[in-house]
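Asker: My questions all concern the structure below.
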Amino acid sequence: MLDLFDAQITSRQLDLAGRWLRSFDEGFYTIGSAGHEGNAAVAAALRSDDPALLHYRSGAFYCLRAALAAGRTAFPDPAETTGPDDVGDRRDPGRPEAADHETAGVADDSGSAVSAASAGSPAGDGPATGTGQTGQTGQTGRSDRTGRSDLADPADLADLADPTSPAGPPVRSEVTVVAAVPAEVGVTAAPVGTPGAAEGGEPAEGTDPEDAYAGAVRDVLRGMVASAREPIAGGRHKVFGRADLAVVPITSTIASHLPRAVGVGLALERLRRRESAGRRAGAAPIGDIGQQPRSPWPPDAIVVCSFGDASVNHATATAAFNTAGWYDHTGLRIPVLFVCEDNGLGISVRSPKGWVQATLRAKPGIRYFAADGTDPVEAYEVAVEAAGWVRRHRRPAVLHLSTVRLMGHAGADAEAAYRSTDQIAADLARDPVSATARLLVSAGVATAEELLARYDERGWQVRRIAEEVLGEPKLASAAEVVAEIAPRRPARVARAVADAATRAAGPGAGGRAEAFGRRPPERDGPLTLAQSINAALADGMLDHPGMVVFGEDVAAKGGVYGVTKGLRDRFGAARVFDTLLDETSILGLGLGAGLAGLLPVPEIQYLAYLHNAEDQLRGEAATMRFFSSGAFRNPMVVRVPGLAYQQGFGGHFHNDNSLAVLRDVPGLVIAVPARPDDAAPMLRACLAGAAVDGSICAFVEPIALYHTRDLYTEGDGEWLAGYPEPEDWAAGHVPIGRARVYGVGSAEDVTIVTFGNGVRMSLRAASALADEGVGVRVVDLRWIAPLPVADIVREASATGRVLVVDETRRSGGVGEGVIAALVDGGYVGTALRVAGIDSFVPLGPAARHVLVSEEAITQGARTLLAR
């Protein structure tokens with residue numbers, strides 16, 4: 001129990017230090033953990049290699065995990081507390097069978113589905129209640145808001161919660177607290193050594209927990225002062241995260257990390273079943289092309305994901321709970337422990353009484369546990385029960401931990417504006433730090449005076465470290481800030497493509513021939529865009545054993561447009577699977593799968609549907625390297641059928657022509673293949689970039705060109721292309737950010753810069769102009785991000801006249817970026833833009849009035865020539 005107390009007081013002193021640093025403009029983050037220190041008990045119930053996605057009031061959890069990782073706390077190994085139950089493939093008696101497991105997504109390598117429940121689990125799928133369920137009982141204590149309370153009663157330690165208590169020079173005590181805790185407390189504490197910290201916050205092997213706490217303190221304080229030496233984000237943001245502690249940094253977007261947590265759980269189970277005999281635990285995630293996927297965490301790990309009570313109302317939380325329950329209902333496993341830390345407030349808005357409990361208990365397929373987070377014994381016992389249940393049965397659960405919020409939402413929060421004095425005092429009376437101290441005193445472990453001295457000693461240590469980190473360097477340039485957003489190593493990506501070709505033509509030739517039914521795509525004659533993508537996906541699956549393809553209707557149906565047809569039959573339901581109809585969850589599964597060591601290729605069925613879940617790309621995927629200095633990454637290639645010009649179908653939602661929501665996401669690769677002979681090498685480049693550099697790629701596929709065969713006249717077949725043999729992949733590699741140029745006629749008069757559907761229309765327009773004696777060069781951007789700026793400026797300068805043909809909208813469209821690139825690149829010729837109207841795409845023939853046409857392109861070129 002003394003270990004819990006040390007983690008709690010360390011966290012509390014960090015909160016005070018954050019306010020102190022802010023008081024003279026050297027601290028930049030004051031959201032603290034005061035009142036939530038009961039989450040240290042959750043950390044104690046887990047292993048230090050269980051991946052944890054923690055919300056911003058997790059100071060005590062983080063501190064205790066650092067001590068656990070140092071190996072000197074007295075808490076038992078959670079694996080020893082979970083019991084001997086087999087976690088293998090056994091069903092709950094009486095549990096309804098899944099009608100179609102492969103629809104849900106993860107099957108064993110034979111293609112058969114694996115059940116979610118282990119023997120001994122309660123029958124049925126309704127929300128069950130843990131034995132630790134309890135009401136909220138207030139703790140008593142007296143506090144003088146201007147100083148220390150009267151300590152005549154050794155059990156009265158409420159002043160440890162006093163927000164005005166100084167973190168400065170303390171009253172010292174030489175006492176050593178020994179682990180003499182009664183049996184009912186459940187745990188014992190190891191002797192505590194002398195404070196000391198290893199540089200960088202990483203305790204040396206064999207150090208005591210005090211050293212680990214000092215390291216955790218240094219980590220957190222470096223984040224508060226935006227030190228470039230902060231071990232996870234490098235001064236870019238204040239987050240809880242460290243790879244060696246399995247703590248994954250998350251953003252401040254409420255609940256947006258929950259879908260990722262579900263994805264990590266699903267991927268862990270996928271890898272556990274696939275690699276249960278011989279997978280190398282602790283190896284780096286996929287990065288060696290052609291190698292088997294490896295997770296950074298043990299096969300029996302569980303995922304913990306914490307959030308606040310207000311977050312249960314967020315759409316992303318609803319999506320995550322629904323997905324976890326949906327998979328559990330179908331019989332598939334997701335070992336995730338959700339932890340709701342319920343202080344009753346979302347900044348100033350109170351959660352209605354009973355709402356959070358009713359909401360969490362009603363989640364189908366998610367077992368419910370509850371505990372008083374201000375009672376350290378109860379919190380620990382129920383956390384052990386909940387974590388053990390998840391670890392044994394590999395099924396999701398939620399731990400509802402009632403807490404209090406002390407010291408306001410953040411440093412600038414004036415609670416008196418929306419909370420009464422009695423409400424604030426009631427929370428103060430339930431301070432978890434005081435509760436732990438009272439328990440230690442009543443157990444005879446220490447006196448009140450000794451614990452107060454210990455508290456002050458930790459305050460002295462925190463202040464000293466705070467003063468040390470103040471002088472550390474900050475990020476000094478834009479280059480340092482953006483260095484980890486999206487590193488590009490084009491030579492390594494090209495080598496990866498070449499290596500894949502070598503394997504496909506050599507040792508993998510037999511398997512490739514078998515996968516394609518002895519008829520590889522290069523022997524099938526000219527292919528359409530859809531067929532070329534399908535073949536490239538199959539080749540990707542062969543070369544990347546960790547690649548998984550999933551989304552709505554991609555498995556059994558083979559995709560709405562047949563692009564994934566046959567992939568499930570070739571590679572099994574474990575690697576090609578249908579998901580529930582929720583884009584947030586689809587991307588969340590991808591984020592988690594990438595983090596856990598797989599190479600996910602999710603499909604968002606239509607571009608317009610991406611907007612439902614765009615923050616999973618912007619706020620979660622694209623920020624992972626930024627917030628972790630590259631220690632964590634989530635490689636992913638998101639296939640997005642989209643853009644307009646579908647004939648006689650769809651209207652806006654099936655003809656969305658806007659890419660603006662993607663274009664300003666830092667580091668996101670946006671590929672738009674127009675032709676079959678570009679699609680396959682571009683997809684290979686994206687897969688290689690994801691595997692080598694951890695890139696996040698949006699592979700936007702023009703639906704209207706999927707099955708197009710002809711270019712100029714009906715039956716000419718000039719939009720088809722052969723699929724290259726593996727021996728030609730390296731020579732035909734398409735580097736990320738390089739354009740393709742077509743010359744029509746003399747190619748000396750006008751340059752047309754375009755992409756997607758615009759390529760075919762521009763080539764047809766160029767042919768008509770050539771009949772008039774006008775030579776045109778057509779530049780297919782291929783990559784919307786990063787734009788091929790050098791290619792654009794070079795080809796535009798070659799003619800001095802550039803027509804930008806942009807099928808997206810005039811406002812926020814791709815053409816704006818092209819024009820800006822020309823200006824920034826020093827282009828001095830004339831320029832004109834033809835773009836879609838700022839409108840949604842209507843149904844039927846009316847669409848022609850708002851979209852770019854061949855006639856508009858031809859007229860635009862003539863206008864340029866007339867200037």
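The values are calculated or read from the model by the stated rules, or taken from the named source; none is laboratory data. What you see is a predicted model; the values in this text were computed from it and never measured. Neighbour counts are summed over all protein chains in view; Cβ atoms, including those assigned to glycine, are modelled from backbone coordinates with ideal geometry. Accessible surface areas use protein heavy atoms only, side chains included; no ligands, DNA or RNA. Shrake-Rupley method; radii C 1.70, N 1.55, O 1.52, S 1.80 Å.
Asker: Give just the number: which of (1) at positive phi; (2) of a type outside the set (Val, Ile, Thr); (3) touching a residue at least 24 places away in the same chain (Cβ under 8 Å) does Trp729 not satisfy?
Answerer: So the condition that Trp729 fails would be (1).
Asker: Now a separate question. Evaluate the stretch 331-340: report whether one residue or more is at pLDDT below 95, over 18 Å from Gln423 (Cβ atoms) and under 24 Å from the mean Cα position of the chain (by Cα).
Answerer: Pass one, the stretch 331-340, residues at pLDDT below 95: 331-333.
Now narrow it down to the ones that are over 18 Å from Gln423 (Cβ atoms): 331-333.
From what's left, under 24 Å from the mean Cα position of the chain (by Cα): 332-333.
Yes - at least one qualifying residue is present in the stretch 331-340.
Asker: How many of the residues making up the stretch 654-688 are open to solvent by 10 Å² or more (accessible area, probe 1.4 Å), within 28 Å of Asp710 (Cβ to Cβ) and of a type in the set (Asp, Glu)?
Answerer: Qualifying residue count for the region: 1.
Quick grid of which residues meet (1) part of a loop (DSSP other than H, G, I, E, B); (2) farther than 26 Å from Met682 by Cα; (3) free of Cβ contacts under 8 Å to residues at least 60 places away in the same chain:
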residue	(1), (2), (3)
Val779	no, no, yes
Leu787	yes, no, yes
Val793	no, no, yes
Ala831	no, yes, yes
Asp838	yes, yes, yes
Pro845	no, yes, yes
Gln859	no, yes, yes
Leu864	no, yes, no
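Asker: Let me ask something else. Considering only residues of the stretch 744-777 that are out of contact with any Gly (no Cβ under 8 Å at 6 or more places or on another chain) and without any contact (Cβ under 8 Å) to a residue 40 or more places away in the chain, which is surrounded by the most Cβ atoms within 10 Å (Cβ to Cβ)?
Answerer: For the stretch 744-777, the residue satisfying everything is Glu772.
Asker: In the stretch 471-515, what residues are at pLDDT 95 or above, more than 28 Å from the chain's Cα centre (by Cα) and over 23 Å from Val692 (Cβ atoms)?
Answerer: Scanning the stretch 471-515 gives Glu472, Pro473.
Asker: Only one of these is surrounded by fewer than 14 Cβ atoms within 10 Å (Cβ to Cβ) and modelled with pLDDT of 95 or more: Gly844, Gly817, Gly860, Gly826. Name it.
Answerer: Working: Gly844 fails: modelled with pLDDT of 95 or more; Gly817 fails: surrounded by fewer than 14 Cβ atoms within 10 Å (Cβ to Cβ); Gly860 fails: surrounded by fewer than 14 Cβ atoms within 10 Å (Cβ to Cβ).
Residue meeting the stated conditions: Gly826.
Asker: Please specify each residue of the stretch 469-495 satisfying the condition of being touching a residue at least 40 places away in the same chain (Cβ under 8 Å) and either open to solvent by 70 Å² or more (accessible area, probe 1.4 Å) or of a type in the set (Asp, Glu) (or both). Full working, then the answer.
Answerer: Narrowing the stretch 469-495 to residues touching a residue at least 40 places away in the same chain (Cβ under 8 Å): 469-470, 472-476, 480-482, 484-490, 492-494.
Matches in the stretch 469-495: Glu472, Lys474, Ala476, Glu480, Val482, Glu484, Arg488, Arg489, Pro490, Arg492.
Asker: Given the criteria acidic (Asp, Glu), without any contact (Cβ under 8 Å) to a residue 40 or more places away in the chain, assigned to a helix (DSSP H, G or I) and over 14 Å from His36 (Cβ atoms), does Asp422 qualify?
Answerer: Details: acidic (Asp, Glu): yes; without any contact (Cβ under 8 Å) to a residue 40 or more places away in the chain: yes; assigned to a helix (DSSP H, G or I): yes; over 14 Å from His36 (Cβ atoms): yes.
Spelling it out, Asp422 is indeed acidic (Asp, Glu), without any contact (Cβ under 8 Å) to a residue 40 or more places away in the chain, assigned to a helix (DSSP H, G or I) and over 14 Å from His36 (Cβ atoms).
Asker: Looking at (1) within 22 Å of the chain's Cα centre (by Cα); (2) open to solvent by less than 30 Å² (accessible area, probe 1.4 Å); (3) not acidic (Asp, Glu), can you tell me which one Gly651 breaks?
Answerer: (1) is the only condition that Gly651 fails.
Asker: Is it true that some residue in the stretch 502-522 is surrounded by 15 or more Cβ atoms within 10 Å (Cβ to Cβ), hydrophobic (A, V, I, L, M, F, W, C), more than 25 Å from Tyr561 (Cα to Cα) and touching a residue at least 40 places away in the same chain (Cβ under 8 Å)? If you could, list the steps in order and put the result at the bottom.
Answerer: So the first thing to find is which residues in the stretch 502-522 are surrounded by 15 or more Cβ atoms within 10 Å (Cβ to Cβ), and the list is 502-505, 508, 512, 515-516, 520-522.
Still in the running and hydrophobic (A, V, I, L, M, F, W, C): 504-505, 515-516.
With the extra rule that they be more than 25 Å from Tyr561 (Cα to Cα), the set shrinks to 504-505.
Then keep just the ones that are touching a residue at least 40 places away in the same chain (Cβ under 8 Å); that gives 504-505.
So far as the stretch 502-522 goes, yes, one or more of its residues are surrounded by 15 or more Cβ atoms within 10 Å (Cβ to Cβ), hydrophobic (A, V, I, L, M, F, W, C), more than 25 Å from Tyr561 (Cα to Cα) and touching a residue at least 40 places away in the same chain (Cβ under 8 Å).
Asker: Oh, and also: Restrict the check to the stretch 581-598 and report whether at least one residue is closer than 25 Å to Leu643 by Cα, open to solvent by less than 10 Å² (accessible area, probe 1.4 Å), in a strand (DSSP E or B) and at pLDDT 95 or above.
Answerer: no
Asker: Can you find even one residue in the stretch 25-48 that is surrounded by fewer than 24 Cβ atoms within 10 Å (Cβ to Cβ), over 15 Å from Arg218 (Cα atoms), over 26 Å from the mean Cα position of the chain (by Cα) and of a type outside the set (Asp, Glu)?
Answerer: No.
Asker: Out of all the residues in the stretch 531-580, which are crowded, with 22+ Cβ neighbours inside 10 Å, under 23 Å from the mean Cα position of the chain (by Cα) and within 21 Å of His707 (Cβ to Cβ)?
Answerer: Those that are crowded, with 22+ Cβ neighbours inside 10 Å, under 23 Å from the mean Cα position of the chain (by Cα) and within 21 Å of His707 (Cβ to Cβ): Val549, Gly551, Val554.
Asker: Of all residues in the stretch 297-321, which are open to solvent by 10 Å² or more (accessible area, probe 1.4 Å), in a loop (DSSP other than H, G, I, E, B) and under 19 Å from His55 (Cα atoms)?
Answerer: Selection gives His314 alone.
Asker: Considering Ala414, Ala437, which residue is closer than 25 Å to Ser23 by Cα, among the small types (Gly, Ala, Ser) and either buried (at least 20 other Cβ atoms within 10 Å of the Cβ) or without any contact (Cβ under 8 Å) to a residue 60 or more places away in the chain (or both)? Working first, answer last.
Answerer: On the way: Ala437 fails: closer than 25 Å to Ser23 by Cα.
Among Ala414, Ala437, only Ala414 is closer than 25 Å to Ser23 by Cα, among the small types (Gly, Ala, Ser) and either buried (at least 20 other Cβ atoms within 10 Å of the Cβ) or without any contact (Cβ under 8 Å) to a residue 60 or more places away in the chain (or both).
Asker: A further question on this structure: Take residues that are at pLDDT 75 or above and at negative phi and tell me which of the helices (runs of 4 or more DSSP H) falling wholly in the stretch 30-113 contain 3 or more. Spell out the reasoning first.
Answerer: Details: elements: 39-45, 59-70, 78-81, 101-104.
Here the list reads 39-45, 59-70.
Asker: In addition: Among the numbered conditions (1) crowded, with 24+ Cβ neighbours inside 10 Å; (2) of a type in the set (Lys, Arg); (3) at pLDDT below 80, tell me where Arg270 comes up short.
Answerer: Every listed condition holds for Arg270 apart from (3).
Asker: For the subset of the stretch 692-705 comprising residues that are buried (at least 22 other Cβ atoms within 10 Å of the Cβ) and closer than 24 Å to Pro521 by Cα, which member is nearest to the chain's Cα centre (by Cα)? Don't jump to the end; show me each part of the working.
Answerer: Quick first cut of the stretch 692-705, residues buried (at least 22 other Cβ atoms within 10 Å of the Cβ) only: 692-703, 705.
Okay, now just the ones that are also closer than 24 Å to Pro521 by Cα, so 699-703, 705.
Values: Phe699: 18, Val700: 21, Glu701: 24, Pro702: 27, Ile703: 28, Leu705: 32 Å.
Out of the qualifying residues, it is Phe699.
Asker: Shifting gears a bit: Filter the stretch 49-73 down to the residues that are buried (at least 24 other Cβ atoms within 10 Å of the Cβ) and of a type in the set (Lys, Arg), then identify the one that is farthest from Ala310 (Cα to Cα).
Answerer: My answer is Arg65.
Asker: If you don't mind, another one. Within the stretch 733-743, take every residue that is open to solvent by 40 Å² or more (accessible area, probe 1.4 Å) and assigned to a loop (DSSP other than H, G, I, E, B) and give me the one that is farthest from Arg809 (Cα to Cα). Show your work before the answer.
Answerer: Filtering the stretch 733-743 down to residues open to solvent by 40 Å² or more (accessible area, probe 1.4 Å) leaves 735-736, 738, 740-741, 743.
Those still in the list that are assigned to a loop (DSSP other than H, G, I, E, B) too: 735-736, 738.
Details: Pro735: 27, Ile736: 24, Arg738: 23 Å.
So the residue we want is Pro735.
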